Amino acid sequence: MGMKSLKSGLGLLKNPVLWITPLICGIFAYFQVFLAFDDSGIFFGEKLGIMWLFIMPFFLAGTYGCINKSEFTLRSFMNEGFHGYFKILLPGFLLFFVAAIIIIFASAPAMAGLGGIYMFLMLTLVFVPFLILTFFYDTAAIFEGKKVFDSIKRSYEVVVQKPPEVISFFAVIFLLLVIMGFGLMVIWSGAMTEQLLPLMDMSDSELNELSADPEAFLDIIGDYGVMVTSIFYSIAVFLSVLIFLPYKAVFYRDFLMPVRAEETVIEDMGEYDEKGRWYKYS
């Protein structure tokens, strides 16, 4: 199921309009990381991140809308983006605040000195299920025209009713992230060989001190290292978004969206008589 949707999603990438969102995401990712390495740019990096939170729903709606209607033109992308902007933005902010509350409660025991194990358990038992159950709210909003609370409810319904399909979906995502992450890390390490060589001669205590002092690490990798790291991070974001969005959209359309339709057929079984009147089976 997951691999079938992935194959279908990759097949949609022949349409150039589906490359718009990944390219924009990659550009934002580059500048966010590049500015984060510069003390004078941290302020602008944070503003850029906040700006992206408000812009992203437009591009998500545009991508999902084109796939939903099978209209892969720039005009369709813009229309779908404007039409579905608030359908994704509003429930997204609601879920963001709920997630923030969960993280705060999960962090409270650790801040009280009770150990990080409590935070780990809270995040594993509460935050991860919350993330999975609400993961498809955006596709529900665009593909089925659901409103704020209905889109969240719909996401919960399809996940609960189709657990094997959802597990296969996340398994494919995990596999892709491992493959892409490992591949990019190997290439990044090769490009940063000269900058990372001094780390090989450091003791464990020196490495621990270095991890606690970002400025010292920046002095080691230099401007070249900052640029290379920013580029590789932007490539990672670009590839992830490029593959993930069509995959998620196709998976929802083919395997999750029909859930309620199947139930409706079962509940409304009946037949028409010779005069066209509907009689429902009791």
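Readers should treat all values here as calculations from the given coordinates under stated rules, not as data from a laboratory. Everything numeric here is computed off the predicted structure, so don't read it as measured data. Virtual Cβ from ideal backbone geometry, glycine too; neighbours counted across all protein chains shown.
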* Structure fact -> A careful count of residues in segment 7-31 that are touching a Phe, Trp or Tyr at 6+ places or on another chain (Cβ under 8 Å) and farther than 22 Å from Thr73 by Cα gives 3
* Asked: What single numbered condition from (1) surrounded by fewer than 21 Cβ atoms within 10 Å (Cβ to Cβ); (2) within 25 Å of Ala36 (Cα to Cα); (3) touching a residue at least 24 places away in the same chain (Cβ under 8 Å); (4) of a type outside the set (S, T, N, Q) fails to hold for Pro57?
  -> (1)
* Can you tell which of Val128, Val186 is more than 30 Å from Tyr224 (Cα to Cα), part of a helix (DSSP H, G or I) and not hydroxyl-bearing (Ser, Thr, Tyr)? -> Val128
* Answer yes if at least one residue in segment 135-150 is outside any helix (DSSP H, G or I), aliphatic (A, V, I, L, M) and touching a residue at least 24 places away in the same chain (Cβ under 8 Å), and no otherwise. => no
* Asked: If Pro129 satisfies every condition in (1) in contact with a Phe, Trp or Tyr (Cβ under 7 Å, 6 or more places away or on another chain); (2) farther than 29 Å from Cys66 by Cβ but one, which is the exception?
  -> (1)
* Out of all the residues in segment 189-211, which are of a type in the set (Ser, Thr, Tyr) and not in a loop (DSSP other than H, G, I, E, B)? -> Ser189, Thr193, Ser205, Ser211
* Only one residue in Leu95, Leu35 is over 14 Å from Phe143 (Cα atoms), aliphatic (A, V, I, L, M), free of Cβ contacts under 8 Å to residues at least 24 places away in the same chain and surrounded by 16 or more Cβ atoms within 10 Å (Cβ to Cβ), so which one is that? -> Leu35
* Report yes if Glu46 is acidic (Asp, Glu) and assigned to a helix (DSSP H, G or I), otherwise no. => yes
* Asked: What tally of residues in segment 151-167 results from selecting those that are outside any helix (DSSP H, G or I) and within 19 Å of the chain's Cα centre (by Cα)?
  -> 0
* Would you confirm whether any residue within segment 209-226 is touching a residue at least 40 places away in the same chain (Cβ under 8 Å), among the aliphatic types (A, V, I, L, M) and either closer than 30 Å to Phe86 by Cα or buried (at least 16 other Cβ atoms within 10 Å of the Cβ) (or both)? => yes
